[in-house]
Structures are given as C-alpha cells and as structure tokens.
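Student: The structure's right below; bear with me while I get my questions together.
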Amino acid sequence: MKILPVEKIRQADAYTIQNEPVNSIDLMERAAKACVDYVIKKWEKSQTIKLFCGLGNNGGDGLAIARLLQQNGFNPEVFITSFSDKFSSDFATNLERIKDTTNVAVTWLKQDTPLPRLDENVLVIDCIFGSGLSKSVEGHAADIIKYINQSNAKVLSIDIPSGLFCDQSSLGKDNSVIEADYTLSFQFPKLAFMFPENRRFVGNWEVIPIGLHPDFILSAETQNFFLQKDYCQHIYKLRDKFAHKGSFGHALLISGSYGKMGAAILSSSACLRAGAGLLTTHIPRKGYEIIQTAIPEAMISIDTSDFFFSEVPDLSPYNAIGIGPGIGMDNQTQNSLKLLIQNSGIPLLFDADAINILGENKTWIPFVPANSIFTPHPKEFERLAGKSNNDFERNHLQREFSIKYGVYVVLKGAHTAITCPDGNCYFNSTGNPGMATAGSGDVLTGIILGLLAQKYTPQQACLLGVFLHGLAGDRAAQKFGQEAMIASDSIRALGKAWKTFLGE
C-alpha cells in the first residue's frame, strides 16, 4: 500500500472529482459514511458522542458524520471551533444540511463559550484539522485541543489527529496535538503513523477506503510503502515438486561467542525454518557440543578460537552469508570481519555485533559488497549513521545510508523500516510488542538469511523476511500472550506463519 505525501493526497482527491466524476461534497459524503460504518461496528447507539469540528473540509467531514450518525439512531452533539470567520464551501454545505435535515445540537465554541463536559463515558470525534495542516495550532483551537487531551474521554480522530503533521516531525509542537485513542485514515496511511514519536497521538489506526480513483493510486509516485500480505505474496516463490535440498541454497551463518551461543542457536533455527536447504554455522570451538545438540539439522564450521570468531572459513560453498549474532567485539573478530568483507563475492547480511564493529570502523563500510543487508536496532543504526533529532530525521539518514552505500537497511521497530538503494522505504504491518524481547533480532537475521539462500533477491528477502517474522510473532502472541513471549516462540510459530501467509 502506498503512503502518499499531503500534496499527492490532495491530487488524488482532485483527480477523483474530475475523472470519476464526482462532486467534492459527494466524495465527502462517501468518506463520512465509511467513518459512520466504523462507529456503528464499535459503539452502541446509546454512546454519548460529541464531535469537535473545524471550519475546513475536516470539519465538513465531521458535520456529515454527525448527520449520518443521527440517521442511524445515535444522538450526537456538534461543537464548532470558531477560530476564524472563513470556512470551506463543503463545510458550509454540510452545515446547511445538518440544520435542514436533523435536530443535531450545534454549538459554536467562541473564545468565551464554556466548553462541554467530557468524562470517561464520552466519545469525542475529532474533526478540527485535517492532513493539510501547514503550521502549528495556536490560540483558541489549541486551548480546545488541550481541553480534550486533559479529559478522560475516548477520542476518535478523522483522517489524522488534529495538530499532527503528516510529513514532518511534530516534536516541540506536541502540546497542541490531539492524543487520539483511534484514528481513521482516508485511503492511505500517513507517514507520521509509522514513527514511535507519534504513538501517543495516533493511537490505534486503520485505513478506510473512500473510493479514490484507482488509476491515480496506481500511477502515483512515492518512495514510502506500507508492507502488506498481498504485496509479499507476489514475492513468494512456489516450490517445485522435484526440488531437492540443493535447490534451496546453502547458507553460512557466522555467529556466537563464549556465553552467547544462544544467538547462534536462534539464528540457525530460524534460517532452517525459513526454508534454507542447507545451513553451515561457523562457531568458536567451545560452542560445538551446544550447537550439535540444539540443532542437529545444521552443519558446523569450527573456528580455531575456543571463544570467538577469529578466521574466515572457505566461502566457496555458500550462496548466502550472514554474520553478527552474538559474535562479540574482540580485536581478532574485528579483523576477521574486515577479511570477510574483502573476500566475499556476494552480498553479506550484517547484524548485531557485526554492525557495532562497522560502527567503530566506518572506513570499512564503502568496501561492503553492493546490495548487502544491515539489520540494526535504533542504537546500532545511530552508531552507523549518526544521531538524529527525531524519527523523520532518522528515516532520512537511513535512506541516505542505503543510497550512499548501495545497501539495504532493516531498522527494527514496531513498523520495521526497510530502506533500499533506490531510496524507497517499506514499513512493515505485522508484529507486536511481545517481540520486544532478547533474541528477536537473531531470529529475523536467520529468516532473512534463509530466504537469501533460496535465491530471493536481497530486497525480496528483506521484505518477505520482515513480514514473516512479524506474522510469526503475531501467531506466537495468540498462543502465549505478549508478556510471556520469548524469541524462540516466534521460531516455533514460523510454520503457522507460512501457512497463514499462503492462505492454507
């Protein structure tokens, strides 16, 4: 699913109005009906609903929603934030309609008008400002937003929480942004929804289709995408009946050190569960019995060091190579990583300590093979690319890193972001907070490596791997609950994740 910037969303509306064709007021009606359908499914008709409307088209949406709610048996109240003497034509039309066809109570909130009581039994529907906001909210409107935030009412924002910017950070302006419990976004997600700095504003969000023209959606150019099942299914390679283990590649995983063999076990197990035909795990000598006992399906390459990675094995048998989980930061390990970069003729997958080593040796990064993959968490990425002031800035740094070095960066988080050498960014839709546990990153590394072994391209392996990892986490959460989850639960759930993904 595409994530469009504000100007493209406006173009989508205009194109639909011109080419469907449909009047703008009827398109607004369509959007309002979709919102009302959502409210009908989620709340009883006895629910106390107070809509706060601005004077633009978002306010027009709110007026249309109030009218349709009453027609469906609800008893809403409307409060118009009177912060200007100008309003949009569609707002004016819907104001006339609500007066002419309903008995919905409409109150104009001027500077000295007492604000309505909001308690925990009230649902506030926020329609004050929409996605076209170009400056921070101030004055009377900001006071109303603060009043709503300080109440105990549940808040449903229409299209975007009022005061929140779509395509730039709202940090420092967050005192005048609605803190929604739910957000309904028209047709597309907003870029702002992807970042943790906006979690307290956006709440639980959903995209609701409003029938924008499919030709525009198909042709609209963007560099931001929301990764979903249908897209990943196009990536999937169906297995041939006569395939054998050699058909699905031979992966090399360089992992583990003294006291950190669990990382090697998790990554190795995930790699095999992701479908690799063969796996060799290169480990320090002291880890031999551990790996052979825990994962009999994996072959073992034994380092001359008892405790850490100190030498690069023969790379010729392998068509996918990953390094990092649990390898530590020993000087010999660092030197061996440098040799691996110099000697590998294929893209490499870097995780964990391999990334930390490169963060301390940035002059090595330009020599990393093209189309290699980095899978950092935010702190590891900071060591690679530097600090940022907000999530938007960090996303910009991530894209620049991918473009500059011709690599893929999988920045792990609630909506894991995958940036590509062409500057595109894919945000994942699967996963849950139960995956915020030790070893989850090792599992993801193993999954991506297993897909690389099966001759998925680095981009395909990143996208499909991240999606499957989150899907397995979701299946694990259903069984164990988020609080009780451990990383190996996601590995155990990978089979069910594959079956869910394939529609079985």
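The values are calculated or read from the model by the stated rules, or taken from the named source; none is laboratory data. Owing to the predicted nature of the structure, the values given are computational and were not obtained by experimental measurement. All Cβ positions, even for glycine, are placed from backbone atoms using ideal geometry, and neighbour counts span all protein chains on display.
Student: Scan region 40-54 and tell me whether some residue there is at pLDDT 95 or above, more than 19 Å from Tyr182 (Cα to Cα), in the same structural domain as Thr183 (by TED's automatic domain parsing) and within 33 Å of the chain's Cα centre (by Cα).
Tutor: Taking every residue of region 40-54 in turn, none turns out to be at pLDDT 95 or above, more than 19 Å from Tyr182 (Cα to Cα), in the same structural domain as Thr183 (by TED's automatic domain parsing) and within 33 Å of the chain's Cα centre (by Cα).
Student: Identify the residue in region 388-439 that is without any contact (Cβ under 8 Å) to a residue 60 or more places away in the chain and at positive phi and, among all such residues, is nearest to the chain's Cα centre (by Cα).
Tutor: Gly431
Student: Could you please tell me which pairs satisfy a Cβ distance under 7 Å, a separation of 6+ or placement on different chains, a first residue in region 337-366 that is more than 26 Å from Tyr456 (Cα to Cα), and a second residue that is of a type in the set (S, T, N, Q)?
Tutor: Close Cβ pairs satisfying both conditions: Ile357/Gln334; Asn361/Gln334.
Matching residues to (1) of a type in the set (Lys, Arg); (2) modelled with pLDDT of 95 or more; (3) farther than 25 Å from Ser344 by Cβ:
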| position | (1), (2), (3) |
| --- | --- |
| Asn371 | no, yes, no |
| Lys379 | yes, yes, yes |
| Ala385 | no, yes, no |
| Ser388 | no, yes, yes |
| Asp422 | no, yes, no |
| Met435 | no, yes, yes |
| Pro458 | no, yes, no |
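Student: Let me ask something else. Just checking, does region 220-228 include any residue being at pLDDT 95 or above and in a helix (DSSP H, G or I)?
Tutor: no
Student: Here's something else I'd like to know. Could you grab the pairs with beta carbons closer than 7 Å, sequence gap of 6+ or different chains, first residue in region 257-278 and not assigned by TED's automatic domain parsing to the domain that holds Gly322, second one buried (at least 24 other Cβ atoms within 10 Å of the Cβ)?
Tutor: So the pair list comes out empty.
Student: Identify, from the list Gln460, Gln454, the residue that is among the polar types (S, T, N, Q), surrounded by fewer than 24 Cβ atoms within 10 Å (Cβ to Cβ) and within 23 Å of Phe226 (Cα to Cα).
Tutor: Just a single option satisfies the conditions, and that option is Gln460.
Student: If we keep just the residues of region 166-198 that are touching a strand residue (DSSP E or B) at 6+ places or on another chain (Cβ under 8 Å) and charged (D, E, K, R), which is surrounded by the fewest Cβ atoms within 10 Å (Cβ to Cβ)?
Tutor: Asp181
Student: Considering (1) within 30 Å of Gly322 (Cα to Cα); (2) out of contact with any Lys or Arg (no Cβ under 9 Å at 6 or more places or on another chain); (3) outside the structural domain of Leu337 (by TED's automatic domain parsing), say which one Ser169 fails and leave the rest.
Tutor: Looking at each condition in turn, Ser169 falls short on (1).
Student: Return yes when Ser170 is over 22 Å from Ile49 (Cα atoms) and touching a Leu at 6+ places or on another chain (Cβ under 6 Å) and no when it is not. Give the derivation first.
Tutor: Working: over 22 Å from Ile49 (Cα atoms): yes; touching a Leu at 6+ places or on another chain (Cβ under 6 Å): yes.
When the stated conditions are applied, Ser170 passes them.
Student: Please find, within region 285-316, the residue that is surrounded by the fewest Cβ atoms within 10 Å (Cβ to Cβ) out of those that are within 14 Å of Ile254 (Cβ to Cβ) and hydroxyl-bearing (Ser, Thr, Tyr).
Tutor: Thr304
Student: Just checking, does region 270-278 include any residue being touching a helix residue (DSSP H, G or I) at 6+ places or on another chain (Cβ under 7 Å), among the hydrophobic types (A, V, I, L, M, F, W, C) and farther than 30 Å from His415 by Cβ?
Tutor: So far as region 270-278 goes, yes, one or more of its residues are touching a helix residue (DSSP H, G or I) at 6+ places or on another chain (Cβ under 7 Å), among the hydrophobic types (A, V, I, L, M, F, W, C) and farther than 30 Å from His415 by Cβ.
Student: Does Ile160 meet the test of being crowded, with 17+ Cβ neighbours inside 10 Å, in contact with a helix residue (DSSP H, G or I) (Cβ under 8 Å, 6 or more places away or on another chain) and over 30 Å from Leu452 (Cβ atoms)?
Tutor: yes
Student: Right, here's the next one. Under 6 Å between Cβ atoms, which residue pairs at least 6 apart in sequence (or on different chains) link something in region 367-380 that is at positive phi with a partner that is part of a helix (DSSP H, G or I)?
Tutor: Pairs found: Asn371/Pro458.
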